[in-house]
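Only one structure is covered here, and it is reproduced in the block below.
Values in this text are rule-based calculations from the coordinates and carry no lab data. Computed from a prediction, not measured in an experiment: that's the story for all the values here. Don't worry about glycine lacking a Cβ; one is built from the backbone with ideal geometry, like all the others, and counts go over all protein chains shown.
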Amino acid sequence: MMLRPRAGLLPLYLKLYDDTMPQLRDEFEPFTKQVSDGFETRGVGVVRGAVCRLRSEFEECVASFEREGVDAIVTLHLAYSPSLESVDALAHSSLPVIMLDTTMDESFGLDVDPARIMYDHGVHGVQDLASMLRRRGRQYEVIAGHVSEAEVFERASGRVRAAAGARCFRGMRVLRIGETFGGMGDFAVHDDLLRAVLGVRVDQVGVESVVASAAMIDTESIEREMRADQSRFFVDVTEDVHRRSVRVGLALRRLLEEGGYGGFSMNFLAFDRSEGPVDTVPFFEASKAMGRGLGYAGEGDVLTAALVGALNAAFGMTTFTEIFCPDWRGDALFLSHMGEVNPETAAERPRLCEKDFPWTGARNPAVITCAPRQGPAVLVNIAPGPDETFSLIVAGVEVLGDGTHPAMRDSVRGWIRPEKGVRRFLEEYSRHGGTHHSALVLGDRVDAVAAFGEYAGIDVVML
């Protein structure tokens, strides 16, 4: 499930107008409500602050937003408001500031009635405050456009979601099952460093913990989950394979829920038993977990699992993936993984099938296979760098159509075309240290995902 982020809406005004034209302020109420409704209809909750004019009012309003735990402050200049009244309160707050540069009237042309100036001159208040925030070294965003434009609220809502995702990321607990895959170095970061630099806390358990959890799963729960799968997926697998995958999946789900984890990773080699309640790899549950809004990455990669979890919570429609093969002629990249994909990203009803698993003594698992929906998307990678640093690599891509080879329906698959083309993208991606594990976020979210990185305090690289 996506987070429901919340914005603190801060209306700015001028005391002089209250002193000389006290009736004027009430005329801005429908405009303020229109702004609030614009966020609410896009799934962003709004905590409305009182109209502020003086330093003390701004300080109390910002403090109330912090007590409420909003994800970002959205400023709305109803009129000109002198920056020295508000800049201290905003500069001292740790909350992201998003300045909404909009007006009551859409048109202010050659035939305008000069009386409308009083309703549409907040723009120079925006400029005054933005200039002062910049001088203070305070990060802020400006979203400009008329209040009737959908794009204004899409962009502003995306920024609030980015702030919520960053907050989620920097406090996330992630579970690792088994050790990291031997020899994989790109995503390997010490757990203490993840906590110290990114705020991501890691717990590690063995398969025995899944076995213990499986003892708590009753037959009726398994049957109920299997019936639910019949309605969600095209089930093309025997009942035995389906049942064992659901049993281990529910055991894993119980671990995740009891621990309050926002994401997890597992080393499939740790699942090596052919007997008992955990006799297969829970690939199926990894996919379902992403569908519920959690994060996941393979091979013990808790770093990418935390990233997928935060992006999934903030924006939804996010899946773990890997760049597997280049299509030089078609100028595209093939995405895949062994058997994990967020079913919410599927172009068509996902297929549940049996996966041949020769890598350990575990029995064959059931896995979901599908291709993602066509359209704009963002490929996102978190890359460890020198001196205990991290970079967030963000690339706008186009998701292409599904494969046509009949055998491909047995695989998790997808084709994307980077905006810069495959050759230049691959060169720059590896030049910036991109790892072989990534997240794919469906939708035109490039700017919002970049804002997520900035709010999370991670250096952002745009490709």
Taking every DSSP bridge whose two residues both lie in the chain, the antiparallel percent to the nearest 5 is 45 percent
One finds the C-alpha centres of the stretch 206-241 and the stretch 431-463 to be spaced, in Å, by 35 Å
Exposure-ranked with fewest Cβ neighbours within 10 Å first, S221, S231, S245, S274 stand as S231, S274, S221, S245
Extension length gain for H190 and A91 (0.36 nm per residue less Cα distance), in nm, is 32.2 nm
CD proxy, 222 nm, the chain: helix-only mean residue ellipticity via -39,500 (n - 2.57) per DSSP H run with n ≥ 4, per residue, nearest 500, stands at -11000 deg cm²/dmol
Fewest to most Cβ atoms within 10 Å: L12, L463 sort as L463, L12
For the chain, averaging the sequence separation of alpha carbon pairs under 8 Å that lie six or more residues apart and dividing by its residue count, the contact order in percent is 14 percent
Check: C-alpha center the stretch 305-364 vs C-alpha center the stretch 245-295, spacing in Å is 15 Å
Hydrodynamic calc, the chain: Kirkwood Rh from Cα pairs, then Stokes-Einstein at 10 °C with viscosity 1.306 mPa s, so D in µm² s⁻¹ is 66 µm²/s
Sparse-neighbourhood loop hits (GluC sites (Glu not before Pro), the stretch 47-107; DSSP loop; Cβ within 10 Å at most 15 others) -> E106
If N is the residue count of the stretch 254-412, its Cα Rg over 2.2 N^0.38 Å rounds to 1.07
Hydrodynamic radius by Kirkwood for the stretch 177-322, inverse mean 1/r across distinct Cα pairs, in Å, is 15.8 Å
From the Cα centre of the stretch 1-23 to that of the stretch 159-185, the distance in Å is 35 Å
Mean projected area, convex hull of alpha-carbon positions in the stretch 128-256, reported to one decimal in nm², is 14.5 nm²
Computed about the Cα centre, the charge dipole of the chain from +1 Lys/Arg and -1 Asp/Glu charges at the Cβ has a magnitude in debye, to the nearest 20, of 440 debye
Zone reached by a paramagnetic label modelled 7 Å from E239 Cα along Cα→Cβ, restricted to the stretch 212-227 with backbone N below 16 Å, covers 219-227
With the stretch 1-98 reduced to its Cα atoms and the Debye formula applied, log10 I(q)/I(0) at q = 0.14, 0.15, 0.18, 0.24 1/Å amounts to -0.51, -0.58, -0.82, -1.29
